[in-house]
Number of protein chains: 2
Amino acid sequence: MAYSAPQSEFQFLMTSIVPLDLVAQTARFADATQATAQAMLSEAARLSTEVIAPLQRAGDMHPAVLENGVVRTSPGFAEGYRALADWGWNAIAADPEHGGMGLPMMLTTAVNDMLAGACLSLQLAPLMTQGQIEALETYASDEIKALYLPKLISGEWTGTMNLTEPQAGSDVGALRTKADLLEDGSYVISGQKIYISWGDHDMAENVCHLVLARTPGAPDGTKGISLFLVPKFLPKEDGTPGARNDLRPVSLEHKMGLHGSPTAVMEYSGAKGWLVGDPLGGMKAMFTMMNNARLGVGVQGIGVAEAATQAALDYAQTRVQGGKSPILGHADVRRMLAEMRADTFAARAIALACAQAIDMAQATGDSNWKARAALLTPIAKSFGTETGIRAAELGVQVHGGMGFVEETGVAQFSRDVRVTAIYEGTNGIQAMDLVGRKMLDGGEAMTSLIDEIEAHAEAVHGTLNEVSEPVWQASETLREAMETLAHLPMADRFGAAVPFLMGFARVLGAHYHLRAIANEGVESARGRLGRFYIERLLPQHVSYFAQVSLGSDVLDTLSAADLATQ
Amino acid sequence: MAYSAPQSEFQFLMTSIVPLDLVAQTARFADATQATAQAMLSEAARLSTEVIAPLQRAGDMHPAVLENGVVRTSPGFAEGYRALADWGWNAIAADPEHGGMGLPMMLTTAVNDMLAGACLSLQLAPLMTQGQIEALETYASDEIKALYLPKLISGEWTGTMNLTEPQAGSDVGALRTKADLLEDGSYVISGQKIYISWGDHDMAENVCHLVLARTPGAPDGTKGISLFLVPKFLPKEDGTPGARNDLRPVSLEHKMGLHGSPTAVMEYSGAKGWLVGDPLGGMKAMFTMMNNARLGVGVQGIGVAEAATQAALDYAQTRVQGGKSPILGHADVRRMLAEMRADTFAARAIALACAQAIDMAQATGDSNWKARAALLTPIAKSFGTETGIRAAELGVQVHGGMGFVEETGVAQFSRDVRVTAIYEGTNGIQAMDLVGRKMLDGGEAMTSLIDEIEAHAEAVHGTLNEVSEPVWQASETLREAMETLAHLPMADRFGAAVPFLMGFARVLGAHYHLRAIANEGVESARGRLGRFYIERLLPQHVSYFAQVSLGSDVLDTLSAADLATQ
């Protein structure tokens, strides 16, 4: 059951389906040639397969522990992380000015996918750091940038995000952590934060926390929040870690999965911190940080889906029942594997398209690309993570009784990936974002994407009619659902938000499969897989979109008493 | 998050939706009046809620362990089991001749549901015993019956099923365990069995194993298998446990969930056993034993769905975000809870209908009832367990980050219930059974059920048109799908087996919801829930049945290489 990073799949996707060339044609990303990409992917695949994947089970069996106030990580994690950072995989998109490679998000996405499939727990550490680097690049003072970015980019230090408090989960505006200004311009931070991934550990020499907090006299709710950088060790002027700051992990969560990733309750007892971005601009900075992290979490789901699919296919090919043929001979086993593989392809193409839009927006400043990136982010996050959860579950099912036994390693995929539908904004929140903020343009960004889907389907009509016609029809149904939503008051959209998002993803996934069919031909591996998706999975859009015209109506009639046991 | 057994829900179901009266009108079950049922359910609910439910977390946190050759169970399990057995809940359907109450399977189903929702790990022990009692009642000699049944029925002894071997999972015919005849008519059993639920423990004074094994010279495959009763302690003539038999648990599985239920590898090293049923009649006896166990496993899923729904509703009502209203105010949270509740109702009604058919078949010998029971069993098993898995997953999602943390207890529902889709025949095997063996009558039993669904929908047309029409239409689509399948060669049906089963369950669930609406009115709690199901969940049948006309075609074109990472 050795994981092998999907290098050639990315090669294909970036060449033929979501072209990297478009990005490489901009001045900003002129270095990201196919040759560079190929070399990068090859190295990242090697590291993921050979160095990181062997750590996966150790993270589960020997969880990170909090001892004497510090977190000790799982066996091998520190070495694995070091190898990862030494090769520069920690933050390849970061600004070259501070030691980064300045490569596009498309390549980051591919590398994150490979690493997540190898060992999700460990990969979460650099993912958190990537978000912090981006927030600092955008909002921090030059002084902070100069002091922190080189260390974060090299991976000598890691980063965290501190948003949640016990009384404030998805509702960030309810947070209470305080920040008081000192005479030297720094702040004193006091409060408790929960669910801090990689909040403390022994893999790097410093841990830097981005903490949302409230200054004295700040307005209630989200408008009164500012963002602060609060390091575990206060950097000396030469950039090396100095005095211990007054913050600490007070406990680690006992979680369903992701045992190798320490999830800490962090206590700030008058810790020294520095403002990042404008005063009261915390939510804006947080959204910058979270937006790409959302894509990153969607990619985590896809990486796990890949690993689960590989493991299940391996088992189905080698597990022989009663001296007869392997269980892959059973149509239902093939059905499960095909769903896993087809959804992984669809989710990966969507994530890459989101990354491409982020890159194009950054390189060109074009508002259409910005809108495309904003539109695709909640879809990439939700569909990527749902695909991870579903593929892991099907992978357990393919294994039968062996799947329920931990030694096989496939139950771990299911337990680990479960949180991806929850953190960085639950998938319900993503869907509300999609039908809310992402439709404030009256559906313009969506219409543009739907037009592209239909134009492509029309362009390949003829020889591919059998597969292009269902994609075109489904896209029309998506358009109608979108128009129905656009005419509903905001509050009435939310009851259909998740079904709409899932239906949208189904159609979008079909579009990329159709591109693959058009590219490789119906009688190719990708052609057959695409046909499976279009014939078997795309029809789900009907039941998703059927819920859109209902809006919240039927839900609004259901009281708590109705939902209780009668 | 205290679990409360759904007594009034069963009362409603057995009065108005799947009437117990039909069963009580037979001579065999004349004692099963509504008054008796009410008294029984009330007591079972009390035991489940007050005595068994408090054991749920202990089973997870302190798994059963194998020490010095014997299994020590989780804290409190022995006392909980004793209370359960003392009240007679172990086997209320068993024959009064040996101490049972002779009550219908409908009541067993209700009691099992309540106990499973309270503590799935513990409830699995009596469920295994129930299967053994039924097999012995049907196939064992009078001597064995007299010696074993009173002990199993009283719960002083428990039973297990020993089918699986390392090389023989779903393909039972590949098993190698040997049984050699001795002069006294008993047998010597040698071999290794895996995945033996409650294979050993300290809750009862004896553990009795029903073991599938092969006699010398027996034909290959399933035709060469016989069934043997092999107790841990050989009973003395007075019925008390005597000499230790030569069998032992050699290891326990480290599982994803269900930690309180010891899953043993059992070693038989020349253990003494007795034939049950005809020589070479092992498969037939096994199917008797497994058939009701399949319903029982479906009911396990439903019990967990109930518990997960209660916990999630409780959280959604009490979790306040930012000093505002509870999260139940969010339409998407209500959507998740409504799906959990509506599917639990549907799955429960289907399970009860299956139990009713089993009871009627037993009481009347009518072949139509037998066919109905046979038809509903794979649907009840698969849909009940899928509902449990889905509800547990949604329950985690409703809890957000808290759901991923084990202390909340809802992650345990998800981990525990996962195996129910696998054991007693995977859900894929259930679906193959449905489109295979259960359609050997050319679809007659299915047609009869579809006719009933449509007749009811027609009967309530008029005032209920808005909800009855979609049910009627969906039923017609089911009929068409069934006819399409019936005309396909057997081998071509299997690629659509699972989608067909799930679509069938969706339609059947809608039928029971429509009955509830008709009974209680559209403006009742059950009326609103039924409308939710019919509007939001029933449309899924379209995408399920869309796959039926494809058969295995698209799957047959997919090779192992196609399914690998490209």
*Report, by chain and number, residues whose modeled amide H sits under 5 Å from the one on residue A:255, excluding near sequence neighbours (fewer than 5 apart, same chain).*
B:406
*Please compute the net charge surrounding residue B:363, taking Lys and Arg as +1 and Asp and Glu as -1 over other residues with Cβ under 14 Å from its Cβ.*
-2
*Rounded to whole Å and sorted largest first, what semi-axes of the equivalent ellipsoid does the C-alpha gyration tensor of segment A:8-116 yield via the square root of 5 times each eigenvalue?*
31, 16, 10
_FRET efficiency, residue A:483 to residue B:441 (Cβ-Cβ, R0 41 Å, nearest 0.05)_ = 0.30
_Can you list residues from other chains, or at least 5 along the same chain, whose modelled amide H is less than 5 Å from the amide H of residue B:165?_
B:194
*Show me B:347-355, B:231-239, A:538-546, B:372-380 ranked by packing, highest mean number of other Cβ atoms within 10 Å first.*
B:347-355, B:372-380, A:538-546, B:231-239
*Listed residues A:475, A:169, A:35: farthest to the positive end of the dipole of chain A (Cβ charges)*: A:169
_Nearest-ten-degree value, helix A:120-139 long axis tilted from longest Cα axis of chain A_ = 60
*Go ahead and estimate [θ] at 222 nm for the protein assembly as shown from helices alone: -39,500 (n - 2.57) per DSSP H run with n ≥ 4, summed, over the residue count, rounded to 500.*
-17000 deg cm²/dmol
*Using +1 on the beta carbon of Lys and Arg, -1 on that of Asp and Glu, and nothing else charged, what's the dipole of the protein assembly as shown about the Cα centre, debye to 20?*
780
*May I ask you to report, in nm to one decimal and beginning with the shortest, the distances from residue A:50 to the same position in the other copies, taking label points 7 Å along Cα-to-Cβ?*
6.6
*Relative contact order of chain A, pairs being alpha-carbon contacts under 8 Å that are 6 or more residues apart, as %*: 13
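Quick one: which of B:255/B:284; A:255/B:381; A:151/A:193; A:324/B:223; A:223/B:324 span more than 22 angstrom between C-alpha atoms?
Working: B:255/B:284 30 Å; A:255/B:381 30 Å; A:151/A:193 24 Å; A:324/B:223 16 Å; A:223/B:324 16 Å.
Over 22 Å apart, Cα to Cα: B:255/B:284; A:255/B:381; A:151/A:193.
Report, as a whole number in µm² per second, the diffusion coefficient that Stokes-Einstein gives for segment A:315-423 at 25 °C and 0.890 mPa s using the Kirkwood radius over alpha carbon pairs.
Roughly 155 µm²/s, to the nearest whole number.
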*Points 7 angstrom from Cα along the Cβ direction at residue B:8 and residue B:62: gap in nanometres?*
3.6
*asked:* Suppose every Lys and Arg Cβ carries +1 and every Asp and Glu Cβ carries -1, with no other charges. What dipole size does chain A come out with about its Cα centre, to the nearest 20 debye?
replied: 860
*Size-normalised alpha-carbon gyration radius of segment B:286-550, reference 2.2 N^0.38 Å*: 1.02
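In segment B:469-566, which GluC sites (Glu not before Pro) fall in coil by DSSP and have 12 or fewer other Cβ atoms within 10 Å?
Numbers: sites: B:476, B:480, B:483, B:520, B:523, B:535; in loops: B:523.
Passing sites in segment B:469-566 are B:523.
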*Any idea how far apart residue A:476 and residue B:560 come out in nm if each label point goes 7 Å out from Cα toward Cβ?*
4.3
*Between copies, how far apart are the residue B:325 label points? List them in nm, one decimal, shortest first, with each point 7 Å from Cα toward Cβ, please?*
5.8
*Report, in degrees rounded to the nearest 10, the 0 to 90 angle that the Cα long axis of helix B:331-364 makes with the longest principal axis of chain B.*
50
*Histogram of C-alpha separations across segment A:240-340, 5 Å bin width, %*: 2, 9, 9, 11, 13, 13, 10, 8, 6, 6, 5, 5, 2, 1, 0
*Could I get the Rg over Rh figure for chain B? Both from C-alpha atoms, Rh via Kirkwood, rounded to two places.*
0.96
*If you find the alpha carbon centre of segment B:256-334 and of segment B:122-178, how far apart are they in angstrom?*
19
*Which order results if A:479, A:437 are arranged by neighbouring Cβ count within 10 Å, fewest first?*
A:437, A:479
*Rg ratio (alpha-carbon, reference 2.2 N^0.38 Å) - segment A:8-53*: 1.26
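State the extension gain, in nm to one decimal, for the chain segment bounded by residue B:86 and residue B:25, taking 0.36 nm per residue of separation less the distance between their alpha-carbons.
Using 0.36 nm per residue and subtracting the Cα-Cα distance, I get 19.1 nm.
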*Between copies, how close do the residue B:202 label points come, placed 7 Å along Cα→Cβ, listed in nm from shortest?*
3.6
*asked:* How are the alpha carbon pair distances in segment A:373-510 distributed across 5 Å bins from zero to the largest one, expressed in percent?
replied: 2, 10, 17, 17, 15, 13, 11, 8, 5, 2, 0
*Of A:318, A:336, A:302, farthest towards positive along the dipole that unit charges on Lys, Arg, Asp, Glu beta carbons give segment A:242-362*: A:318
*Kindly express, to the nearest 10 degrees and within the range 0 to 90, the angle between helix A:77-86's C-alpha long axis and the longest C-alpha principal axis of chain A.*
90
_With just the Cα atoms defining each centre, how far is segment A:440-481 from segment B:386-464? Give it in Å._
34
*Residues A:276, B:297, A:554, sorted so that the one with the fewest Cβ neighbours within 10 Å comes first*: A:554, A:276, B:297
*Convex hull volume per residue for segment A:194-304, taking Cα atoms only, in Å³*: 144
*Report the extension gain between residue B:320 and residue B:202 in nm, rounded to one decimal, defined as 0.36 nm multiplied by the number of residues separating them, less their alpha carbon distance.*
38.1 nm
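Using a 10 Å cut-off around each Cβ of peptide B:420-427, what is the average number of partner chain Cβ atoms that fall inside? Before the final figure, lay out each step's value.
Numbers: counts 1, 6, 8, 3, 0, 0, 7, 2.
Per-residue shielding by partner chains comes out at 3.
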*Convex hull over the Cα atoms of the protein assembly as shown, averaged projected area in nm²?*
41.8
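Readers should treat all values here as calculations from the given coordinates under stated rules, not as data from a laboratory. Here the structure is a predicted model, which means the values were calculated and not measured. Every residue, glycine as well, gets a Cβ built from its backbone with ideal geometry; the counts of neighbours run over all protein chains shown.
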